[in-house]
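Please read the structure below before turning to the comments.
The values are calculated or read from the model by the stated rules, or taken from the named source; none is laboratory data. Treat the numbers as computed from the prediction; the structure is a model and nothing was measured. Please note: Cβ atoms are built from the backbone with ideal geometry, for glycine as well, and neighbour counts cover all protein chains shown. In case anyone asks, the SASA skips ligands and DNA or RNA and just uses the protein heavy atoms, side chains included. Shrake-Rupley method; radii C 1.70, N 1.55, O 1.52, S 1.80 Å.
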Amino acid sequence: QVQLVESGGGLVQAGASLRLSCAASGRTFSTYVMGWFRQAPGKEREFVAGVSRYGRTTYYADSVTGRFTISRDNAKNTVYLQMNRLNPWDTAVYYCAARDRTTIVRTPTDFGSWGQGTQVPVSS
C-alpha cells in the first residue's frame, strides 16, 4: 500500500490558477499509475486526469482538457495537478489515487489507494 496526502487546495476566484500536490509514501512510487479525481457536493466521484508510471502518458476528462495538467516527479514521490482558468463548476473535493497496475483507467474503483482529499471552492 501507498499513503497519499494532498495539499494545495483553497478558495480561488474564477479564472485563477491553482496547483495541487499529492505526496506519496510507502511502496516505490514509480510502480503506481496515479490519478486525480474530484467529487462535487451531491455528485459522484469523477475522473479528472491520470498519468502513467514514468509520466510519459497522460489522460484527461473532456471537461478539463486544455486547462489542467497532470505531472509527476518520481524523485520526490509527488504527483501534481496544475489547474488553470478555473471556473465555478470545478468546485469539488479533489483526491489523488494510486493504481498498482500499468494501465491508466478512469474508474475510481480500479484505484486501490486514496488520499483524504483537498477542497477547491471556486467563486464566480
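Is it the case, given these coordinates, that Phe47 is among the aromatic types (Phe, Trp, Tyr), more than 25 Å from Gln1 (Cα to Cα) and under 14 Å from the mean Cα position of the chain (by Cα)? Against the criterion (among the aromatic types (Phe, Trp, Tyr), more than 25 Å from Gln1 (Cα to Cα) and under 14 Å from the mean Cα position of the chain (by Cα)), Phe47 does not qualify. What about Val105, is it of a type outside the set (Phe, Trp, Tyr) and modelled with pLDDT under 95? Against the criterion (of a type outside the set (Phe, Trp, Tyr) and modelled with pLDDT under 95), Val105 qualifies. Against the criterion of being loosely packed, with under 15 Cβ neighbours inside 10 Å and free of Cβ contacts under 8 Å to residues at least 12 places away in the same chain, Thr65 qualifies. Any residue at all in the range 94-101 that is farther than 22 Å from Val12 by Cα and at pLDDT below 95? Yes - at least one qualifying residue is present in the range 94-101. Look at the range 92-120: where a residue is over 19 Å from Tyr60 (Cβ atoms) and a partner is open to solvent by 30 Å² or more (accessible area, probe 1.4 Å) and acidic (Asp, Glu), sitting 6+ places away or on another chain with Cβ atoms under 7 Å, you get Gly112/Asp100.
In the range 36-51, how many are of a type in the set (S, T, N, Q) and farther than 19 Å from Gly115 by Cβ?
Our first condition is that a residue be of a type in the set (S, T, N, Q); within the range 36-51, this holds for 39.
Restricting the remaining residues to those that are farther than 19 Å from Gly115 by Cβ gives none.
Qualifying residue count for the region: 0.
Taking the range 87-124 as the range and being open to solvent by 30 Å² or more (accessible area, probe 1.4 Å), under 15 Å from Arg53 (Cβ atoms) and among the hydroxyl-bearing types (Ser, Thr, Tyr) as the test, the residues that pass are Thr102, Thr103.
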